[in-house]
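Have a look at the structure below, then the notes.
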Amino acid sequence: MIHYSGGVPRPPAHLPDFWAAAAHEGTTLSSAGIVDVVLDGLDRGALHPGDRLPSTRALAAGLGVARNTVVTAYDTLAAMGATNPLPGSGTRIAEGTDRLAHAMLAAPAPAPGRAAAPSDGGIVSLEPGVPDVGLIDERRWRRSWRHATALPPAATVVPHLTALQEALAAHLRRRRAVRAAPADLRLFPGVNPALSAIATWFAAPIAVETPGYRRAFDAFRATGNEVIGVPVDAEGMLVGRLPRRRCLVYTTPAHQYPTGVRLSMARRLDLVDWARATDSLLIEDDYDGEFSFDVAPLPALQTLAPDHVAYLGTASKALSPQLRIAWAALPASARDVPNAGHGSGAGVDGAAASMLAHFLATGAWDAHVARAGRTYGARRAAVRRALARHLPDATVLGADAGLHLTVDLGSVAALRAAVAALARERYRVATVAAHALTDGDVADTALLLSYALLPETRADAVIGLLRQ
């Protein structure tokens, strides 16, 4: 057993230094974790081919885990060819295993987005939609990719999709109270293919929020169906402006894109009542619903009306744009909507699907959201303090959730001056009016400001540029 002194575990004296350091980290390792420790040690030169591993009994005692956990880890290393178990001589690292470790760990984590501090003459974007991938835990990220690439070859992508559907069903039920069986989930290589597939299948007029998500407008117009704009206010979509007929409705209720307002509870109930009365289908795009600040998240529309809501989510906003995977939890009436394509390029990549399934199932997603949420919360707080200092009369919307907010400066002239001041310092922002379905639908007085990549130390200087 590990003995504790001052809260720090003290491994047995005979445990080699490398493993003593692992024990001092204070984290209970699984068998997969022990394999990762060995590979990481080889990758950075702390272990070498020919090194002898501790006996399973000694290592189990030193790490404070069951002996079977170590046995399973050693069996896995042997199966990989990473070790040579020799009867009577213990287990040693096999020759060439350092090169194996380098190759297995070569898949890099996504390159961090450039912080919002112009230093090389480039443009710094403060537009919404790009998370800070530098917050991803590289070890967990690589572990999930190793899992995906170590799976045996399959003739089709179906086993990979099935694994992700199962992981997503559990994740959505736990995190968002979305009720969907794995078979009710469809996977797509991005949000737009999902929107196109659902709109083509439903074949009805499409109502969209305006201002709204311009790429959704483009996807819907490409189907040939009529596209109808519905205004939003401080409580979200104006449900009373929806047509009294069967429609497909696209909405972003958790954090309206682009204004950032939340669809109020009263409006949510009105919207699902309208959908039932007109036999309509709602597409609920929960693009950044993982992040909520100061307020409890409101229930998903799918929770309120699972028979009339297609719940849409994506990995690109919460985790990384490199993962081109979106999912839709469909009602029973839409179960003949297919997954979008098969294999790399044509549809969802199988390895990426298995990677994300592992990332979800092992708790890495939850850990990432918790860690990133703390950082984003601090950046948001710095932006809000700067806004209160420099622009106390501006109207700020959307700060309760998501990764961006809206700053309404009150006039066209003030907005143009602010955008120009930012551009002179090499910052680029989007305006709310640029997201209108039709030119002139929305007053051109507000800008969008993402704080996902804005360090706390830069918030005051950037917001100060908006002051006239």
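The values are calculated or read from the model by the stated rules, or taken from the named source; none is laboratory data. What you see is a predicted model; the values in this text were computed from it and never measured. All Cβ positions, even for glycine, are placed from backbone atoms using ideal geometry, and neighbour counts span all protein chains on display. Each accessible area value is taken on the protein alone, full model and side chains, heavy atoms only, with ligands, DNA and RNA left out. Shrake-Rupley method; radii C 1.70, N 1.55, O 1.52, S 1.80 Å.
Considering only the stretch 224-241, state which residues are in contact (Cβ under 8 Å) with a residue 40 or more places away in the chain and either part of a strand (DSSP E or B) or in the same structural domain as residue 430 (by the TED database) (or both).
227, 229, 231
Considering only residues that are open to solvent by 10 Å² or more (accessible area, probe 1.4 Å), of a type in the set (A, V, I, L, M) and in a loop (DSSP other than H, G, I, E, B), which ones fall in the stretch 277-325?
Hits for the stretch 277-325 are 295, 296, 298.
Quick check on residue 383: is it among the β-branched types (Val, Ile, Thr) and buried (at least 17 other Cβ atoms within 10 Å of the Cβ)?
Taking the combined requirement at face value, the residue satisfies it.
Is it the case that some residue within the stretch 386-393 is within 30 Å of residue 33 (Cβ to Cβ) and either touching a residue at least 24 places away in the same chain (Cβ under 8 Å) or in contact with a Cys (Cβ under 9 Å, 6 or more places away or on another chain) (or both)?
Taking every residue of the stretch 386-393 in turn, none turns out to be within 30 Å of residue 33 (Cβ to Cβ) and either touching a residue at least 24 places away in the same chain (Cβ under 8 Å) or in contact with a Cys (Cβ under 9 Å, 6 or more places away or on another chain) (or both).
If a residue must be of a type in the set (Asp, Glu), under 21 Å from residue 440 (Cβ atoms) and assigned to a helix (DSSP H, G or I), how many such residues does the stretch 181-223 contain?
Within the stretch 181-223, residues that are of a type in the set (Asp, Glu), under 21 Å from residue 440 (Cβ atoms) and assigned to a helix (DSSP H, G or I) number 1.
Show the residue pairs meeting these rules: Cβ distance below 6 Å; 6+ apart or different chains; first residue within the stretch 355-367 and within 18 Å of residue 149 (Cα to Cα); second residue open to solvent by 30 Å² or more (accessible area, probe 1.4 Å) and assigned to a helix (DSSP H, G or I).
What qualifies is 355/145; 357/163; 358/147; 364/140.
Restricting to the stretch 265-276, what's the tally of residues that are open to solvent by less than 20 Å² (accessible area, probe 1.4 Å) and either among the hydrophobic types (A, V, I, L, M, F, W, C) or touching a strand residue (DSSP E or B) at 6+ places or on another chain (Cβ under 6 Å) (or both)?
Initial filter on the stretch 265-276 (open to solvent by less than 20 Å² (accessible area, probe 1.4 Å)): 268, 271-272, 274-275.
Add one more test, that the residue is either among the hydrophobic types (A, V, I, L, M, F, W, C) or touching a strand residue (DSSP E or B) at 6+ places or on another chain (Cβ under 6 Å) (or both), and what stays is 271-272, 274-275.
Qualifying residue count, the stretch 265-276: 4.
Could you please give the count of residues in the stretch 392-402 that are open to solvent by 20 Å² or more (accessible area, probe 1.4 Å) and either touching a strand residue (DSSP E or B) at 6+ places or on another chain (Cβ under 7 Å) or modelled with pLDDT under 90 (or both)?
5
Check the stretch 177-196 and report whether any residue there is assigned by the TED database to the domain that holds residue 362, surrounded by fewer than 22 Cβ atoms within 10 Å (Cβ to Cβ), under 22 Å from residue 366 (Cα atoms) and charged (D, E, K, R).
yes
Do we find a residue being in contact with a strand residue (DSSP E or B) (Cβ under 7 Å, 6 or more places away or on another chain), acidic (Asp, Glu), closer than 30 Å to residue 427 by Cα and crowded, with 20+ Cβ neighbours inside 10 Å anywhere in the stretch 126-147?
No, the stretch 126-147 contains no residue that is in contact with a strand residue (DSSP E or B) (Cβ under 7 Å, 6 or more places away or on another chain), acidic (Asp, Glu), closer than 30 Å to residue 427 by Cα and crowded, with 20+ Cβ neighbours inside 10 Å.
Being part of a helix (DSSP H, G or I), open to solvent by 40 Å² or more (accessible area, probe 1.4 Å) and modelled with pLDDT of 80 or more is the filter here, so list the residues in the stretch 56-103 that pass it.
Residues satisfying the conditions are 57, 67, 68, 71, 72.
Test residue 284 against the criterion of being of a type in the set (D, E, K, R), in contact with a Phe, Trp or Tyr (Cβ under 7 Å, 6 or more places away or on another chain) and assigned by the TED database to the domain that holds residue 198, and give yes or no.
For residue 284, the condition - of a type in the set (D, E, K, R), in contact with a Phe, Trp or Tyr (Cβ under 7 Å, 6 or more places away or on another chain) and assigned by the TED database to the domain that holds residue 198 - is met.
Mind checking whether some residue in the stretch 154-173 is over 16 Å from residue 353 (Cβ atoms), open to solvent by less than 80 Å² (accessible area, probe 1.4 Å) and assigned to a loop (DSSP other than H, G, I, E, B)? Don't jump to the end; show me each part of the working.
Just the residues of the stretch 154-173 that are over 16 Å from residue 353 (Cβ atoms), to begin with: 173.
Those still in the list that are open to solvent by less than 80 Å² (accessible area, probe 1.4 Å) too: none.
Scanning the stretch 154-173, I find no residue that is over 16 Å from residue 353 (Cβ atoms), open to solvent by less than 80 Å² (accessible area, probe 1.4 Å) and assigned to a loop (DSSP other than H, G, I, E, B), so the answer is no.
Could you please let me know if residue 229 is open to solvent by less than 40 Å² (accessible area, probe 1.4 Å), small (Gly, Ala, Ser) and over 24 Å from the mean Cα position of the chain (by Cα)?
It is true that residue 229 is open to solvent by less than 40 Å² (accessible area, probe 1.4 Å), small (Gly, Ala, Ser) and over 24 Å from the mean Cα position of the chain (by Cα).
Please work out which one of (1) open to solvent by 20 Å² or more (accessible area, probe 1.4 Å); (2) modelled with pLDDT of 75 or more; (3) out of contact with any helix residue (DSSP H, G or I) (no Cβ under 6 Å at 6 or more places or on another chain) is the condition residue 33 fails and give its number.
Every condition holds for residue 33 apart from (1).
Test each condition in (1) within 15 Å of residue 162 (Cα to Cα); (2) open to solvent by less than 40 Å² (accessible area, probe 1.4 Å); (3) of a type in the set (A, V, I, L, M, F, W, C) for residue 361 and report the one that comes out false.
All conditions are met except number (2).
Quick check on my filter: what residues within the stretch 420-447 are under 29 Å from residue 374 (Cα atoms) and out of contact with any Gly (no Cβ under 8 Å at 6 or more places or on another chain)?
422, 425, 427, 428, 429, 430, 431, 432, 446, 447
If you go through the stretch 42-55 one residue at a time, how many are outside any loop (DSSP other than H, G, I, E, B) and either more than 20 Å from residue 71 (Cα to Cα) or touching a helix residue (DSSP H, G or I) at 6+ places or on another chain (Cβ under 6 Å) (or both)?
3
Test residue 328 against the criterion of being among the aliphatic types (A, V, I, L, M) and touching an Asp or Glu at 6+ places or on another chain (Cβ under 7 Å), and give yes or no.
Criteria not met by residue 328.
For residue 245, work out the one condition from (1) over 23 Å from residue 315 (Cβ atoms); (2) touching a residue at least 40 places away in the same chain (Cβ under 8 Å); (3) in a helix (DSSP H, G or I) it doesn't fulfil.
(3)
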